[in-house]
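In what follows, a structure is listed as structure tokens, so that the remarks can point back to it.
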Amino acid sequence: MADLLRYGAPTVSCIVAIIALTISIRLNRRQRQITRLEIARNLHGELISDAAMKDRHTLGTIHWQNRPISSEGAERGEVMCAYFAMLWRFERLHAGRKVLLEENNNVHDIALTILDRQIQTHVADYACTFHELRAKLEDSNKNDPVVDDRYAISFRELRRSLADTTDEDTRRKLMYHTDNSETCGCSCHKVTPKPPVPAQHSRTS
């Protein structure tokens, strides 16, 4: 009995340690997954916040009505602010998504899969929206160019990264938008152009 206790105790302790280690590893993996899912949720939340909804409405109204931006009044300034606000949101989204990818050795896990599924439509839509709104902004004032190179590059990188893991139709929307409406399949190009809205001047007190 003494020999059994002498040699058996270390074996039991080893088994207990292995079980504890296994449980700890599983708990750590579970906590890491929860953390990554929370990050993905927050990144997607950038695009559906109340502030983003207002900016999307500002841009979407002009885009889908296919009308010019008035160079008078407050409209051009409001559109410019919304344009850059949305670009910056996509830049933050791209940066956060890159961290999730690199942290996971560029392998898609459930967090990345869910995030990509949630943002693909938004990104594909804005491939056309940004292109068209930028042209309309510059047409409305030739002396005030839209300087968005750095942010536009970030958005293009996001599109390319998403295109690697999506279906062919979405990949085409992400990658092949041009200024040729016959090449771009977005339905906005089929909308009959609307006239500009009357200029709205802010009241001075």
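The values are calculated or read from the model by the stated rules, or taken from the named source; none is laboratory data. This one's a predicted model, so the numbers in the text were calculated from it and none came from an experiment. Virtual Cβ from ideal backbone geometry, glycine too; neighbours counted across all protein chains shown. Each accessible area value is taken on the protein alone, full model and side chains, heavy atoms only, with ligands, DNA and RNA left out. Shrake-Rupley method; radii C 1.70, N 1.55, O 1.52, S 1.80 Å.
Structure values in brief
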read-out: Pair list, Cβ < 9 Å and 6+ apart or interchain, from segment 137-164 residues that are part of a loop (DSSP other than H, G, I, E, B) to residues that are open to solvent by 100 Å² or more (accessible area, probe 1.4 Å); value: none
read-out: Residues satisfying the stated conditions in segment 102-132, i.e. open to solvent by 20 Å² or more (accessible area, probe 1.4 Å) and among the hydrophobic types (A, V, I, L, M, F, W, C); value: VAL107, ILE110, ILE114
read-out: Leading residue by the ranking (modelled with the lowest pLDDT) among those in segment 186-205 that are assigned to a loop (DSSP other than H, G, I, E, B) and open to solvent by less than 70 Å² (accessible area, probe 1.4 Å); value: ALA199
read-out: Options GLU38, GLU72: the member that is modelled with pLDDT of 95 or more, over 22 Å from ASP125 (Cβ atoms) and not β-branched (Val, Ile, Thr); value: GLU38
read-out: Flag if ARG56 is in a helix (DSSP H, G or I) and open to solvent by 30 Å² or more (accessible area, probe 1.4 Å); value: yes
read-out: One residue from ALA95, ALA85, ALA74 being of a type outside the set (Val, Ile, Thr), out of contact with any helix residue (DSSP H, G or I) (no Cβ under 7 Å at 6 or more places or on another chain), surrounded by fewer than 18 Cβ atoms within 10 Å (Cβ to Cβ) and within 18 Å of HIS44 (Cβ to Cβ); value: ALA95
